[in-house]
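Since the structure comes first, as structure tokens, the remarks are kept for the end.
The values are calculated or read from the model by the stated rules, or taken from the named source; none is laboratory data. No experiment lies behind these values; they were computed from the predicted model shown. Here the Cβ positions follow ideal geometry from the backbone for every residue, glycine too, while neighbour counts run over all protein chains shown.
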Amino acid sequence: MALLQISEPGMSTAPHQHRLAAGIDLGTTNSLVASVRSGDATTLADDKGEHLLPSVVRYFDNGAILVGQQAQAALTDDLQNTIASAKRLLGRGVADVKTFNGVLPYEFVKSDSNVPLIRTVAGDKSPIEVSSEILKTLKARAENTLGGDLKGVVITVPAYFDDAQRQATKDAARLADLTVYRLLNEPTAAAVAYGLDQEEALDEKIIAVYDLGGGTFDISILRLNRGVFEVLATGGDSALGGDDFDHAIAEWILQQLGETSADQQTLRKIMVEARRVKEVLSDKEEVNVSVKGFEVSFSRDQFCQLVEPLVKKTLFACRRALRDAALEKEDVMDVVMVGGSTRMPIIRERVEAFFEQPPHVDIDPDKVVAVGAAIQADLLAGNKPDSEMLLLDVIPLSLGLETYGGLVEKIIARNTTIPIAKAQEFTTFKDNQNAMTIHVLQGERETVEENRSLAKFTLRGIPTMVAGAARIKVTFQVDADGLLNVSAEEQLTGVKSAIEVKPSYGLSDNQIETMITDSMTNAKVDMEARKLREQQVEADRTLEALDSAMANDGDDLLSEDEKKTLSEARANLVAIKASGTTEAIETAIKAMETAAAFYVARRMDGNIRTAMAGKDINKFKD
Amino acid sequence: MSLNFKQNYFELFSLPVQFPLDKRLLAHNFRALQSQHHPDRFAHGTDQERRIAVQTTGYINEANEELKSPRLRARYLLILQQVDFELCDTTHDMLFLMHQMETREALEVAEQADNALEQVDQIAQQVKHGVASIENSFQQHLQAGNLSEAKDAVLKMRFYERLNDEAKRLQEKLEDEMFA
């Protein structure tokens with residue numbers, strides 16, 4: 001029985017338990033882990049005092065694995081077994097990876113699933129496995145520093161990540177034995193880190209987050225209103241980042257060397273030099289380039305000209321995101337800079353000119369995302385019960401289906417707030433068509449080839465009908481992490497088929513436990529169904545209680561007539577439970593309880609007599 | 001606290017059942033409902049609580065999307081008045097359809113022009129005016145109780161929506177080509 005609990009107003013009844021939680025920025029170039037300690041969110045350092053963990057994993061033939069700095073040191077010596085930039089491969093299929101040929105020095109192997117594997121001395125590794133090694137290292141670092149097991153983490157992903165890439169990130173976390181509270185868009189995390197939600201001055205403000213990382217570019221337009229962050233629009237390019245600025249310099253160096261191609265070892269050296277050159281130019285106007293005894297001077301102006309197309313590309317994405325949000329540049333009240341590449345003066349200057357205001361650059365652009373993730377993780381762990389902060393995310397790319405003629409019909413438009421479920425009806429286009437292939441696509445283009453194929457499945461058993469008579473309802477359901485479920489149902493007959501979208505790019509099904517599969521096709525219907533199921537369970541419970549009571553003392557306490565009355569009430573409930581509505585079952589349960597009331601009373605009397613038998617009456621006075 | 005799924009979308013956000021929309025009030029009440037029901041509020045809840053939270057916020061988001069879009073809001077107002085929409089429903093206003101085709105052709109021509117982006121921007125602006133006038137006529141028909149005319153206006157909005165998508169797609173394509 002519940003007792004009344006008395007406590008101070010506003011105090012929780014149990015002593016507050018702090019749950020250990022962390023935010024992880026799983027980056028293309030570097031990864032970080034941060035946590036809130038004594039109210040402050042800070043990134044955590046390794047035992048050498050380093051905060052940034054290079055996202056590099058090296059495999060050895062004896063099964064040993066090195067992650068981070070030590071692995072990175074081997075990049076030029078053992079490049080076939082040293083995997084960098086695995087994030088670029090996460091959630092990509094074999095066909096996508098082909099476009100990286102020549103850019104990445106790895107030997108790719110086909111697997112049974114569509115996941116490209118990288119051949120190493122320790123066996124073939126998927127990008128998911130490589131990423132999980134980075135996560136394991138960060139997990140260990142956090143648990144050592146915080147002194148306990150992590151209850152959960154928030155992992156950040158580029159806002160532009162599609163479904164397959166998000167799923168792959170979650171799979172990597174599962175392999176690293178991490179509980180993911182939430183995947184969080186990197187720019188949203190950055191806005192949280194700046195505490196822009198803490199400023200009370202205005203009713204509502206618009207924030208642009210310009211995030212140029214190592215391998216991705218994101219622009220996000222957020223709206224903040226009393227602690228609620230709403231992503232109004234996101235845009236960007238999942239294959240544009242600081243690395244491309246390095247590549248531009250590297251290509252220039254190759255040209256200066258008079259070579260059109262070079263062996264991978266040389267390429268790697270040129271790349272390392274290109275990065276150094278870029279970083280020096282952030283502080284200086286001129287730098288000496290030096291590769292293989294070749295020396296040449298390179299100025300910031302030359303650099304700016306070289307990367308102009310890349311910079312322009314990012315600014316056009318800004319324009320597009322504003323248009324998606326139905327806003328003008330003048331509406332933007334804060335601009336936040338994220339990602340190491342925003343240290344480049346040319347980026348800061350051009351972004352300031354575009355938005356006509358100086359951007360926020362106070363927090364280390366490499367750490368800002370991890371810090372924001374830590375704040376959100378702390379919140380989701382329940383350590384801040386009074387916080388009003390809520391992050392509402394949108395889906396970054398439209399989701400649709402292939403229709404007749406290789407065209408794509410969009411079901412959920414990009415920048416729709418998630419979670420969401422949307423349904424659309426389709427029909428057959430041939431007489432007596434018994435099956436229909438559902439091809440799920442993600443992207444903004446009109447034709448199938450130009451979009452990313454996420455999954456294909458077939459709805460079978462459509463009854464024989466003339467063309468156009470069948471009604472096939474296809475439902476897309478996206479959860480709070482942006483992960484998709486698709487189901488199809490023929491409306492007249494109820495033939496169903498469903499899929500969780502991940503088989504093309506994720507791990508095989510038996511490696512992954514099922515995510516939320518319950519349908520939210522139609523919330524109303526489903527809620528009714530749930531109530532009905534719960535009432536049926538309640539009926540079972542009542543029936544079991546009666547059966548066990550009668551087995552116990554029915555013969556002692558009941559006459560034959562009374563037994564007959566009860567078993568009739570019982571039969572009535574069994575029948576209604578099987579076919580009745582929620583309300584009918586509820587009524588039948590009540591009816592049976594009423595019919596059995598005398599028996600319950602008699603049993604209680606019996607119990608009290610048993611309980612009191614043989615006890616000193618004085619004992620009850622205390 | 002569970003949500004009453006029997007309310008219509010307008011009631012859900014405490015808005016009057018009408019076509020003109022107070023966007024600020026919708027945004028405000030939308031956020032208030034999300035704050036209460038979002039799955040993040042149940043990160044440590046039971047499976048059932050989290051499932052219900054996903055369903056509830058899904059429903060809130062769906063309602064919000066439906067009301068934010070003038071076409072879907074118009075369509076929903078008619079559905080509330082028992083007007084049926086079939087898969088194959090379309091407008092038979094030949095003059096309107098001709099005009100739509102002309103605008104589509106104009107977009108195709110504009111794409112090839114020297115100042116393509118500028119021309120496409122201009123057509124997009126015209127489409128915006130067209131949308132405004134069709135919304136206006138919907139409102140008048142609805143108020144007058146001419147449901148079948150109001151339905152025709154909704155079907156026409158769909159054509160404008162597709163034109164708008166096409167213009168937007170072209171704008172993006174032309175922008176992309178500027179650095180190809």
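Just a few scattered comments:
- Condition check for residue B:34: under 30 Å from residue A:383 (Cα atoms) and either outside any loop (DSSP other than H, G, I, E, B) or in contact with a Pro (Cβ under 9 Å, 6 or more places away or on another chain) (or both): yes
- Verdict on residue A:61 being at negative phi, at pLDDT 85 or above and not aliphatic (A, V, I, L, M): yes
- Looking at B:141, B:92, just one residue is in a loop (DSSP other than H, G, I, E, B) and either farther than 25 Å from residue A:423 by Cβ or assigned by TED's automatic domain parsing to the domain that holds residue B:18 (or both), and that residue is B:92.
- Only listed residue being outside the structural domain of residue A:476 (by TED's automatic domain parsing), out of contact with any Ser or Thr (no Cβ under 7 Å at 6 or more places or on another chain) and either at pLDDT 85 or above or not in a helix (DSSP H, G or I) (or both), chosen from A:529, A:584: A:584
- Segment A:325-348, residues that are touching a helix residue (DSSP H, G or I) at 6+ places or on another chain (Cβ under 9 Å) and charged (D, E, K, R): A:328, A:329, A:331, A:334, A:343, A:348
- Close pairs from segment B:2-15: first at pLDDT below 90, partner among the β-branched types (Val, Ile, Thr), Cβ under 8 Å, at least 6 apart: B:2/B:52; B:2/B:56; B:3/B:56; B:3/B:60
- Some residue of segment B:133-153 being away from chain A (no Cβ under 14 Å), exposed (fewer than 14 other Cβ atoms within 10 Å of the Cβ) and within 16 Å of the chain's Cα centre (by Cα): yes
- Scoring residue B:31 on the criteria (1) more than 9 Å from every other protein chain (Cβ to nearest Cβ); (2) within 22 Å of residue A:224 (Cα to Cα); (3) surrounded by 19 or more Cβ atoms within 10 Å (Cβ to Cβ) leaves a single failure, condition (1).
- Scanning segment B:66-92 for residues that are at pLDDT below 90 and of a type outside the set (Phe, Trp, Tyr) yields B:84, B:86, B:87, B:88, B:89, B:90, B:91, B:92.
- Among the residues of segment A:343-353, the ones that are surrounded by 21 or more Cβ atoms within 10 Å (Cβ to Cβ) and part of a helix (DSSP H, G or I) come to 2 in all.
- Positions within segment B:96-113 being over 30 Å from residue A:467 (Cα atoms) and either more than 22 Å from the chain's Cα centre (by Cα) or within 14 Å of chain A (Cβ to nearest Cβ) (or both), in sequence order: B:102, B:105, B:106, B:107, B:108, B:109, B:110, B:111, B:112, B:113
- Hits in segment B:41-55 (condition: assigned to a helix (DSSP H, G or I), within 7 Å of chain A (Cβ to nearest Cβ) and either touching a residue at least 40 places away in the same chain (Cβ under 8 Å) or among the hydrophobic types (A, V, I, L, M, F, W, C) (or both)): B:54
- Per-region count, segment A:417-448, residues crowded, with 19+ Cβ neighbours inside 10 Å, within 14 Å of chain B (Cβ to nearest Cβ) and in contact with a helix residue (DSSP H, G or I) (Cβ under 8 Å, 6 or more places away or on another chain): 7
- Annotation: of all residues in segment B:60-89 being in a helix (DSSP H, G or I) and more than 13 Å from every other protein chain (Cβ to nearest Cβ), the one that is farthest from residue B:162 (Cα to Cα) is B:80.
- Residue within segment A:324-331 that is touching a Phe, Trp or Tyr at 6+ places or on another chain (Cβ under 9 Å) and away from chain B (no Cβ under 14 Å) present: yes
- The residue that is modelled with the highest pLDDT, counting only those in segment A:64-85 that are hydroxyl-bearing (Ser, Thr, Tyr) and under 31 Å from the mean Cα position of the chain (by Cα), is A:82.
For (1) surrounded by fewer than 18 Cβ atoms within 10 Å (Cβ to Cβ); (2) within 11 Å of chain B (Cβ to nearest Cβ); (3) over 30 Å from residue A:430 (Cβ atoms); (4) without any contact (Cβ under 8 Å) to a residue 60 or more places away in the chain, each residue gets a yes or a no:
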site: A:379; (1), (2), (3), (4): no, yes, yes, yes
site: A:385; (1), (2), (3), (4): yes, yes, yes, no
site: A:388; (1), (2), (3), (4): yes, yes, yes, no
site: A:391; (1), (2), (3), (4): no, yes, yes, no
site: A:394; (1), (2), (3), (4): no, yes, yes, no
site: A:402; (1), (2), (3), (4): no, no, no, yes
site: A:405; (1), (2), (3), (4): yes, no, no, yes
site: A:412; (1), (2), (3), (4): no, yes, no, no
site: A:415; (1), (2), (3), (4): no, yes, yes, no
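- Cβ-Cβ under 9 Å pairs, at least 6 apart or on other chains, segment A:204-233 side within 14 Å of another protein chain (Cβ to nearest Cβ), far side aromatic (Phe, Trp, Tyr) and in a strand (DSSP E or B): A:217/A:210; A:219/A:210; A:222/A:229; A:223/A:229
- Residue A:211 being assigned to a strand (DSSP E or B) and under 29 Å from residue A:299 (Cα atoms): yes
- Test: residue A:249 is buried (at least 24 other Cβ atoms within 10 Å of the Cβ), touching a Phe, Trp or Tyr at 6+ places or on another chain (Cβ under 8 Å) and within 14 Å of chain B (Cβ to nearest Cβ): no
- Residue A:289 without any contact (Cβ under 8 Å) to a residue 60 or more places away in the chain, surrounded by fewer than 16 Cβ atoms within 10 Å (Cβ to Cβ) and in a strand (DSSP E or B): no
- Failed criterion for residue A:164 (all others in (1) free of Cβ contacts under 8 Å to residues at least 12 places away in the same chain; (2) touching a Phe, Trp or Tyr at 6+ places or on another chain (Cβ under 6 Å) hold): (1)
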